[in-house]
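What follows is calculated from the coordinates using simple rules that are stated; it is not laboratory data. All of these numbers come straight from a predicted model, not from anything done at the bench. Glycine also receives a Cβ, built like all others from the backbone with ideal geometry; neighbour counts cover every protein chain displayed.
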Amino acid sequence: MPTSRIAIVGVGQVGAAAAYALILGSIASELLLVDKNGKPKDAVVATQAYTAVGQTDPEYVHRNISTVRTIIDGMMPLKSNAILLVVSSPVDLLTSLALQISQLPPSQVLGSGTYLDSIRLRGMLADRIGVAAKSIDAFVLGVQGESQVTAWSAATIGGVPINECLSKAALINCAEFSRECQHRSQSIMRAKGTTPFGIGSAVSSICSSIILDKGAIHPVSHFQPSFGCCFSLPVVLGKGGIQRKVQISLDFDEDVQITDSATALKRMIDQVHNG
């Protein structure tokens, strides 16, 4: 059996949680835990750094940009079959940066993106509606964070459009529900002070889909040629990383929101390069 190796770069709370989930799932033959000076050449997870109390968002973003650059530069040249998974925030900006620096094919560079948000959305819907989460097909897409978009127009329960299979009493306020899902991390932070286990589990699931060649469909951050940057849309994950993109029909408003956020992200990436 071929050896499968996962290297986690940055073993803070998120990196440790990812390692724990990977070990429990027996996902890989070898699991390497390294600091930013390590030089793994295979699959890599760049984990987010701790945000200090009182630290401003620009400070956080610029520190993570510098960290990701240092890490990937130190790993060069990467093996041709390496798969790079970025978990650091802001994940779409850093995934775009990682793709440019690593010189790997776009199919081998991805970010966790809105994957965890989509899992949380399905769990929240399952609790509200009273069905199993696995019966719900719903995605959060676009640029992860304040501008992420819930694809309500494509959401289904048991294959039936969500608004067609709910009674009037069970109908939900989509905008309010999306906001609640978007800010779920902050709610967990206020209650527990940290949120590593959710993203750790998401990392394990993404790695499992790739290493075990599951062909699972996940919304992960990946390169969008028409926008020149990375953000989340559904893809099929398997051996070699992203095997193909999955076309999803969005309504006009959802499409506009994703376009606007992607355009803003591209401007930010250009500023990073020009700065």
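If neighbour count is taken as other Cβ atoms inside 10 Å, put I269, I199 in order from fewest to most. Intermediate values should be presented prior to the final figure.
Values: I269 19, I199 24.
Lowest to highest Cβ neighbour count: I269, I199.
On C-alpha positions alone, give me the angle between the axis of helix 57-75 and the longest principal axis of the chain, in degrees, nearest 10.
50
Given springs between every Cα pair under 10 Å in a Gaussian network model of the chain, which of S226, S29, S112 has the largest fluctuation?
S226
Over the chain, with a Gaussian network built from C-alpha contacts below 10 Å, which listed residue (A154, A262, A82) shows the highest mean-square fluctuation?
Greatest mean-square fluctuation among the candidates belongs to A154.
Considering the dipole of the chain built from charges on the beta carbon (Lys and Arg +1, Asp and Glu -1) around the Cα centre, which of L166, I23, V9 is farthest to its positive end?
I23
Compute the long axis of helix 252-274 from its Cα atoms, compare it with the longest principal axis of the Cα atoms of the chain, and write down the angle in degrees, 0 to 90, nearest 10.
Helix 252-274 and the main axis of the chain meet at about 20 degrees.
Between E176 and R244, what length in nm is gained on full extension when 0.36 nm per residue of separation is reduced by their alpha carbon distance?
On the way: separation 68, 0.36 × 68 = 24.48 nm, distance 3.25 nm.
So the extension gain works out to 21.2 nm.
Counting just the Cα atoms, what span does the chain cover along each of its three principal axes? Round to the nearest Å and put the largest first.
Largest first, the chain extends 57, 47, 39 Å along its Cα principal axes.
Where the centroid of each part is defined by its Cα atoms, how far is the stretch 131-178 from the stretch 217-275 in Å?
The distance from the Cα centre of the stretch 131-178 to that of the stretch 217-275 comes to 20 Å.
Roughly what would the spin-label model give for L24 and E164, points 7 Å off Cα along C-beta, in nm?
The two pseudo-label positions are separated by 3.7 nm.
Share of antiparallel DSSP beta bridges in the chain, in percent to the nearest 5?
For the chain, the DSSP antiparallel bridge percentage is about 60.
Just to verify a number: FRET efficiency for H273 and K79, C-beta to C-beta distance, R0 = 25 Å, to 0.05?
0.45
Just subtract the alpha-carbon distance of S4 and T70 from 0.36 nm times their residue separation and send over the number in nm, one decimal.
21.3 nm
With r as the distance between the Cβ atoms of A264 and S135 and R0 = 30 Å, compute the FRET efficiency 1/(1 + (r/R0)^6) and round to 0.05. All intermediate terms of the calculation are to be shown ahead of the outcome.
On the way: r = 35 Å, r/R0 = 1.16.
E between S135 and A264, to the nearest 0.05, is 0.30.
Test of understanding: ordering R122, R5 by Cβ neighbours within 10 Å, fewest first, what list do you get? Spell out each step's value before the answer.
On the way: R122 22, R5 17.
Fewest-to-most ranking of R122, R5: R5, R122.
Cross-link partners among aspartates and glutamates for K266, C-alpha distance below 15 Å, same-chain residues fewer than 8 apart left out?
Once the sequence-local aspartates and glutamates are set aside, what remains near K266 is D92.
Label-point separation (nm) for Q186 and A126, each offset 7 Å from Cα along Cα-to-Cβ?
2.6
How large are Rg and Dmax for the stretch 196-275 when only the alpha carbon atoms are used, in Å?
When restricted to Cα atoms, the stretch 196-275 yields Rg and Dmax of 14.7, 41 Å.
I'd like the orientation of helix 13-24 relative to the chain: the angle between its Cα long axis and the longest Cα principal axis, in ° from 0 to 90, rounded to 10.
Rounded to the nearest ten degrees, it is 80.
What relative contact order, as a whole-number percentage, does the chain give when Cα pairs under 8 Å and 6 or more residues apart are counted?
The normalised contact order for the chain reaches 20 percent.
What's the center-to-center distance, using Cα atoms, between the stretch 6-20 and the stretch 59-127 in Å?
The stretch 6-20 and the stretch 59-127 have Cα centres separated by 14 Å.
Just want the ordering: V109, V235, V160, from fewest to most Cβ atoms lying within 10 Å of their own Cβ.
Lowest to highest Cβ neighbour count: V160, V235, V109.
Where the convex hull is taken over the Cα atoms of the stretch 130-265, what is its projected area averaged over directions, in nm²? The partial results should precede the final answer.
Values: hull surface 38.5 nm².
Result: 9.6 nm².
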